[in-house]
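Peer 1: Below is a structure I'd like to ask you about.
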Amino acid sequence: MNNIFFDHVHIISQNPEESAKWFEEILGGEKAETVEIQGAPQIYVLFEGAKVIIRGQRNRETAYDKNEVQWGTDHFAFQVKSNFHEYCDDLKSKGVKFTLEPTQFNPSTLIAFIEAPDGVSIELLQRK
């Protein structure tokens, strides 16, 4: 038995309200609440089984833009339940930038990568 389960992804955003709105309108998350922690807004966007926490720059913090691959978390992923290609086409119609077009990654998995606000990389996948 596994004693842990996935809870959340935490994103630091230049514009938390706009970023949360993107996760709601583009990916279909549900904004649950906004609180202020250490001088910055923190917004909870819920997805089935987990949440994305989007927050601003806190007091006494300095955030930097990502310019290239860095050590640490590279991306996170959402599994697509519906028709994968139709879902990706819908995102494209909303202006979402794909950094990797829908691809057959291996015999049982389709993947694509999209760019979220603040340079966040999200993998979309579907396993057979």
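Peer 1: Could you pull out the trypsin sites (Lys or Arg not before Pro) across segment 46-92 that fall in loop regions by DSSP (anything but H, G, I, E, B) with no more than 13 other Cβ atoms inside 10 Å?
Peer 2: Details: sites: Lys51, Arg55, Arg58, Arg60, Lys66, Lys81, Lys92; in loops: Arg58, Arg60, Lys66, Lys81.
Qualifying residues, ordered by number: Arg60, Lys66, Lys81.
Peer 1: Go through Lys21/Lys92; Lys31/Lys128; Lys21/Lys94; Lys21/Lys66; Lys21/Lys51; Lys31/Lys94 and tell me which ones have a Cα-Cα distance over 23 Å in this structure. Walk me through the numbers on the way to the answer.
Peer 2: Working: Lys21/Lys92 17 Å; Lys31/Lys128 30 Å; Lys21/Lys94 13 Å; Lys21/Lys66 21 Å; Lys21/Lys51 14 Å; Lys31/Lys94 19 Å.
From the list (Lys21/Lys92; Lys31/Lys128; Lys21/Lys94; Lys21/Lys66; Lys21/Lys51; Lys31/Lys94), the Cα-Cα distance tops 23 Å for Lys31/Lys128.
Peer 1: Under a 5 Å amide H to amide H cut-off, with H placed in plane at 1.01 Å, what residues pair with Ala40 once short-range neighbours are removed?
Peer 2: Here Asn59 satisfy the definition.
Peer 1: Between helix 84-93 and the chain, what is the angle of the helix's C-alpha long axis to the longest principal axis, kept within 0 to 90° and rounded to the nearest 10?
Peer 2: 50 degrees
Peer 1: Remind me, relative contact order of the chain in percent, using alpha carbon pairs under 8 angstrom and six or more residues apart? Can you show the working numbers first?
Peer 2: Numbers: 204 pairs, mean separation 27.0, N = 128.
After rounding, I find 21 percent.
Peer 1: Moving on to the next point. Out of residues 5 or more away from Gly29 or on other chains, whose amide H comes under 5 Å of its own, with H placed 1.01 Å from N in the peptide plane?
Peer 2: So Gly29 has HN proximity to Glu24.
Peer 1: OK, next. Could you please state how large a percent of the accessible area of the chain is carbon and sulfur, counting protein chains only and using a 1.4 Å probe?
Peer 2: Working: 4280 of 8700 Å².
Ligands and nucleic acids excluded, carbon and sulfur reach 49 percent.
Peer 1: Here is a follow-up. When ligands, DNA and RNA are left out and all protein chains stay put, how many square angstrom of accessible area per residue does segment 18-128 have with a 1.4 Å probe? Please list the in-between numbers first.
Peer 2: Values: 7150 Å² over 111 residues.
About 64 Å² of surface per residue is accessible.
Peer 1: What is the angle, in °, between the Cα long axis of helix 16-25 and the longest principal axis of the Cα atoms in the chain? Nearest 10 is fine, range 0 to 90.
Peer 2: Between the helix axis and the principal axis of the chain, the angle is about 30 degrees.
Peer 1: Given H placed on each backbone N at 1.01 Å, which residues far from Lys51 in sequence or on other chains put an amide H within less than 5 Å of it?
Peer 2: Here the answer is His8, Val9, since their amide H atoms fall under 5 Å of that of Lys51.
Peer 1: Could you tell me which chymotrypsin sites (Phe, Trp or Tyr not before Pro) in segment 57-97 are loop residues by DSSP with no more than 13 other beta carbons within 10 angstrom of their beta carbon?
Peer 2: Details: sites: Tyr64, Trp71, Phe76, Phe78, Phe84, Tyr87; in loops: Tyr64, Trp71.
Loop-located and lightly packed - Tyr64, Trp71.
Peer 1: Quick one: what are the phi-derived ³J(HN,Hα) couplings along segment 36-44, Karplus 6.51/-1.76/1.60 with θ = phi - 60°, whole Hz, x for glycine and proline?
Peer 2: Ordered by residue, 3J(HN,Hα) equals 10, 10, 6, x, 9, x, 9, 10, 9 Hz.
The values are calculated or read from the model by the stated rules, or taken from the named source; none is laboratory data. A quick note: this is a predicted structure, and the numbers were derived from the prediction, not measured. Because the Cβ atoms are built from the backbone with ideal geometry, glycine has one as well, and the counts that use them run over all protein chains shown. Remember, those area values only see protein heavy atoms, side chains included, never the ligands or the DNA or RNA. Shrake-Rupley method; radii C 1.70, N 1.55, O 1.52, S 1.80 Å.
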